[in-house]
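Data block below; observations after.
The values are calculated or read from the model by the stated rules, or taken from the named source; none is laboratory data. Model, not experiment: these values are computed from the prediction. As a convention, Cβ positions derive from the backbone with ideal geometry for all residues, glycine included, and neighbour counts pool all protein chains shown. Protein only, heavy atoms only, side chains kept; ligands, DNA and RNA dropped before computing areas. Shrake-Rupley method; radii C 1.70, N 1.55, O 1.52, S 1.80 Å.
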Amino acid sequence: MEQPIEGNSSKKQHRWTKAMSRRLLEILADEVKKGNRSHNTFKTSSFTLAAKRISEEFGVKCLPDHVDNHLKTLRNSWTMIYKLRGNSGFGWDENLKMITASPKAYTAYLSAHPTHDKYLNKKIDMYDEMAIVLGKDMARGDFAKSFVDIDLQSHSKDEDKIIDFEVGLEEETPVVEKQAASSATSSAS
């Protein structure tokens, strides 16, 4: 798996298999959930842990630098996926985790960018883990909530609001306070 880097026989290049990449994303997604990444930078202990587990599970010598370098490669892929999702004429299939494009849009785009074929009309393996590990605007750790965590039944029809996710945080705060106040008065009755 490791081969000397050309021109430097003392350093070895680490070759990542698909299974190793998958495991790395799983490990780092767990680290994000534990709060071990702030401002899109992992703690050194997360890279050390990932390198140790990859080494043990795959019988290779994986160093924290290898993890950091591979994460850069994964980040490049994530950036491309993110950009492609925003292209005009492309869609997104949430169930399949796939960027979709009509045959016309697909052909036109690939004629200009033939190396991007691997991202279009194909399932993106480990998309959710990539979003957790590499995504920038996602809730992490203790602040992450899924739809299961949100109590939708406790609000009356009058409290139903359409949430505009483009609105700044300062404007969302009064809504939360109002809901908290409503809950307090209804429980006091």
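Residues in segment 26-56 that are among the β-branched types (Val, Ile, Thr), farther than 17 Å from MET126 by Cβ and part of a helix (DSSP H, G or I): THR44, THR48. When segment 61-72 is limited to residues that are loosely packed, with under 15 Cβ neighbours inside 10 Å and more than 14 Å from the chain's Cα centre (by Cα), the one that is nearest to PHE42 (Cα to Cα) turns out to be ASP68. Inside segment 39-57, residues that are over 14 Å from ILE132 (Cβ atoms) and surrounded by fewer than 17 Cβ atoms within 10 Å (Cβ to Cβ) make up a count of 11. When MET80 is tested against (1) closer than 29 Å to HIS14 by Cα; (2) open to solvent by 40 Å² or more (accessible area, probe 1.4 Å); (3) of a type in the set (A, V, I, L, M, F, W, C); (4) free of Cβ contacts under 8 Å to residues at least 24 places away in the same chain, only condition (4) is not met. Among the residues making up segment 58-94, those that are in a loop (DSSP other than H, G, I, E, B) and either more than 19 Å from ALA131 (Cβ to Cβ) or touching a strand residue (DSSP E or B) at 6+ places or on another chain (Cβ under 7 Å) (or both) are GLY59, VAL60, LYS61, CYS62, LEU63, SER88, GLY89.
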